[in-house]
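Written below as structure tokens is the structure these notes are about.
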Amino acid sequence: MKFVDDTKLSGEVDTSEGRPTLQEDLDRLEEWANKNLMKFNKFTCKVCHPGKRNPGVQHRLGSTRLENSSVERDLGVLVDKQLNMSEQCAAAAKKANRMLDCINHGITSRDDEAIIPVYSVLVRPHLKYCVQFWSPLY
């Protein structure tokens, strides 16, 4: 059995008439998966409704109602329904601080020649991962 993995469906719906269009797209996606003998793991499929005035219409995939989510992870980056990246920044800082703690406890030397390469390998990647996405002005 093959699974359809990491499929993203998005669309701008600015009128009540446009809302069924997104559901029609979901129905076509389900048809495509069935025709190609593939399945969605419907229990991990979620809907994120960005925007402050979004009514959060309920959607389904096949006969399964999709869960609404306020925060989703896309390519390892946390994005909330306001398209705010503060949770991503906090998660990156937390990972970097854990690595710094490991460095402080694991390396006795405080010499720059010893610390900088270790920092560059263990800490910087957590701070720079997908930074162009979650902080485009970086």
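Rule-based calculations on the coordinates, nothing more; no lab input. Predicted model only: the values in this text are computed from it and were never measured. In this analysis, Cβ positions are derived from the backbone assuming ideal geometry, glycine residues included, and neighbour counts consider all displayed protein chains.
Scaled against 2.2 N^0.38 Å for its residue count N, the alpha carbon radius of gyration of the range 21-91 is 1.26. Among the chymotrypsin sites (Phe, Trp or Tyr not before Pro) found in the range 1-90, those both in a DSSP coil and sparsely packed, with 11 or fewer other Cβ atoms within 10 Å of their Cβ, are Phe43.
The phi-based Karplus calculation (6.51 cos²θ - 1.76 cosθ + 1.60; θ = phi - 60°) puts the 3J(HN,Hα) values of the range 35-43 at 5, 9, 6, 10, 10, 9, 7, 5, 7 Hz, whole numbers, x for Gly and Pro. Within the range 12-91, the trypsin sites (Lys or Arg not before Pro) that combine a DSSP coil assignment with at most 13 other C-beta atoms in a 10 angstrom radius are Lys52, Arg53. Pairs from the table (Lys8/Lys39; Lys8/Lys128; Lys95/Lys128) lying more than 18 angstrom apart at Cα are Lys8/Lys128.
Computed 3J(HN,Hα) for the range 86-103, one whole-Hz value per residue from the Karplus formula 6.51 cos²θ - 1.76 cosθ + 1.60 where θ = phi - 60°, is 5, 5, 5, 4, 5, 5, 5, 5, 5, 5, 4, 5, 5, 5, 4, 4, 4, 5, glycine and proline marked x.
Close amide H partners of Asn68, meaning residues 5 or more places away or on another chain with modelled amide H under 5 Å apart, are Val47. Charged side chains reduced to their Cβ positions (Lys and Arg at +1, Asp and Glu at -1) give the chain a dipole of some 300 debye around its Cα centre. Along the Cα-to-Cβ line of Ala90, 7 Å from the Cα, sits a label point; which residues in the range 42-71 have backbone N less than 17 Å from it? Taking a point 7 Å out along Cα→Cβ of Ala90, the residues of the range 42-71 whose backbone N falls under 17 Å are 70-71. Note on the range 67-123: dipole from Cβ charges, positive end direction compared against Leu75, Cys102, Ala92; the farthest Cα belongs to Cys102. Secondary structure note: in the chain, about 60% of the DSSP beta bridges are antiparallel. Think of it as helices only: each DSSP H run of n ≥ 4 in the chain is worth -39500 (n - 2.57), and spread over all residues that comes to -13000 deg cm²/dmol at 222 nm.
Averaging 1/r over each pair of different alpha-carbon atoms in the chain and inverting the result gives 18.2 Å, the Kirkwood hydrodynamic radius.
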